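Everything on this sheet refers to the single structure shown next.
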Amino acid sequence: MILRNIGTLARCRPSGGQNELHLIHDAAVVWRGSCISWVGTEKEIPKEFRDDPSLDARRALVIPGLIDCHTHLAFGGWRADEFEQRMLGVTYQEIAAKGGGILSTVRATRGESEDGLYERAYKNLNEMVQLGVTTVECKSGYGLTWEDELKLLQVYRRLREDHPCDIISTFLGAHTIPLEYRENRGEYVRRICEEMIPEVAERRLAEFCDVFLEKGAFSFDEAETILREGVACGLTPKIHADQMSNGRGAHLAAQLRAASADHLEYIDEEGISALAEKKVVAVALPFATLYTKGPPLPARALIEAGVRVAVATDFNPGTAPSYHLPMALLLSCTLYGLTPHEALKGATCFAAAALGRDDLGSIRVGGGADLAVIDAESVNQWIYHLRPNACVGTIKNGKVLHQSGSWLQ
Ligand code: NIG
Ligand code: FE
């Protein structure tokens, strides 16, 4: 298949800085099966491909299929009532201390069946596809008993089998201390380490192990114990780090050579150097900053230090109730000062790096044909305009999953 008549192609290769998108104008992409066989200007399409069937991009912008590298995709219920409270001035932490927040979603999730959670997650994924998303990282963490964590991880396993998107699972049993262990948190940490992590790894239910390191959630030492156990069992660490206070989460991520440190609104200079030195990807989550009225991530300082900054939605019912990744890209510009080019690199090949997946997130020969076709003349125009139906085509592993109107005909 040839996708021809591309106005601008943003290849987003791993090399170069945060703003280097490896653009080609008047471009074409050729794939056979699920794999890209050729990329270049339309004029130069080699003879051997010229008679392949083709799709017309109608001068659109074509980018790699977007990667949402941090979501809590499956959960029960919503928390719109808490949103109202927060707008009236009650803080996220105050709500959590009263048994709301994460625990309220834990109650709702425990009350849902695996099938119910699966159906809802599947529908949400389909809407993400319409925005150009082709890969989604999904965290457990709203079960907090083995049975309920397993239920969430099984949902992700089924999605991995049934849904055309790439689904990457993360075990987040250490999201918060469940109510029944509030007086005995050591026992919950022990259960995570001795009972849950080995089972998750043995049954290959997740690739990553994540911890919410924060006051009211897990301490530095607890996080270290849990993540080290994960490493011992073959799960790569990720951390919800320095989101609402500086808990030295970036340092722990660097020490453990985590795949990513996520949030980081309260990271300090030493934390930035630590991430840079150990090449840990920083994951910016602007919806969470916006909804919690947090301070901005020092994105410019991170980039200048040489840290790759990924951008994701953090989709969850508390701090980020939206899976609109293009909007997260816009917010990473307005809140953190990224440019649209830098933001796009953060939701393509740097997001792939946060998932340890070099095979994803860029348009190159030998890579999967994961593409989003955007009706905009440039990356700047696309992000700045934030037009609701800008994504007119989504292609995953060479198959068209979404197309609007007469595009791509
Ligand atoms: O990534 N920070 C911790 N976890 C989520 C929020 C979860 C919730 O409020 O339900 C986050 O922001
Ligand atoms: Fe999160």
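In the chain, the portion of solvent-accessible area held by carbon and sulfur atoms comes to 48 percent [1.4 Å probe, whole percent, DNA, RNA and ligands not counted]. Taking trypsin sites (Lys or Arg not before Pro) as exposed when DSSP calls them loop (any state but H, G, I, E, B) and at most 14 other Cβ atoms lie within 10 Å, what is the longest stretch of the chain free of them, the sites themselves excluded? Within the chain, the longest run free of exposed trypsin sites (Lys or Arg not before Pro) spans 294-409. For the stretch 160-251, the set of GluC sites (Glu not before Pro) satisfying both a DSSP loop assignment and a count of at most 11 other C-beta atoms within 10 Å is given as 183. FRET efficiency for the residue 56 to residue 300 pair, using the beta carbon distance and R₀ = 35 Å, is estimated at 0.35. Between residue 90 and residue 195, the contour length at 0.36 nm per residue exceeds the Cα-Cα span by 34.1 nm. Inter-part distance, the stretch 18-40 to the stretch 113-167, computed on C-alpha centroids, equals 30 Å. Solvent exposure of the chain, expressed per residue, is 38 Å² of accessible area, with all protein chains present and a 1.4 angstrom probe.
Which whole-number percent of Cα pairs in the chain have a distance greater than 41 Å? So the portion of pairs separated by more than 41 Å is 12 percent. FRET efficiency for the residue 232 to residue 377 pair, using the beta carbon distance and R₀ = 60 Å, is estimated at 0.75. Restricting to Cα pairs below 8 Å that are 6+ residues apart, what does the relative contact order work out to for the chain? Please round to a whole percent. Contact order relative to length: 21 percent. I'd like the orientation of helix 114-129 relative to the chain: the angle between its Cα long axis and the longest Cα principal axis, in ° from 0 to 90, rounded to 10. The angle comes out at about 40 degrees. About its Cα centre, the dipole of the chain is roughly 800 debye, where the only charges are +1 on Lys and Arg Cβ and -1 on Asp and Glu Cβ.
For the pair residue 35 and residue 387 in one chain, pulling the backbone fully straight at 0.36 nm per residue adds 123.7 nm over the alpha carbon distance. Site pair residue 81 and residue 257 shows an inter-label distance of 4.8 nm when each label is modelled 7 Å from Cα along Cα→Cβ.
Show that you can apply the helix-only estimate: for the chain, add -39,500 (n - 2.57) for every DSSP H stretch of four or more residues, divide by all residues, and state [θ] at 222 nm to the nearest 500.
After summing the helix terms and dividing by residue count, I get -10000 deg cm²/dmol.
Taking 0.36 nm per residue of sequence separation and removing the Cα-Cα distance, the residue 44/residue 122 pair yields an extension gain of 24.1 nm.
Computed 3J(HN,Hα) for the stretch 375-381, one whole-Hz value per residue from the Karplus formula 6.51 cos²θ - 1.76 cosθ + 1.60 where θ = phi - 60°, is 7, 7, 7, 7, 5, 4, 5, glycine and proline marked x.
The values are calculated or read from the model by the stated rules, or taken from the named source; none is laboratory data. Fair warning: this is a prediction, and the values are worked out from it, not measured in the lab. When we count neighbours, we look across all protein chains shown, and the Cβ atoms used for this are built from the backbone with ideal geometry, even at glycine. When the accessible area is computed, the model is the full protein with side chains, heavy atoms only, and any ligands, DNA or RNA have been set aside. Shrake-Rupley method; radii C 1.70, N 1.55, O 1.52, S 1.80 Å.
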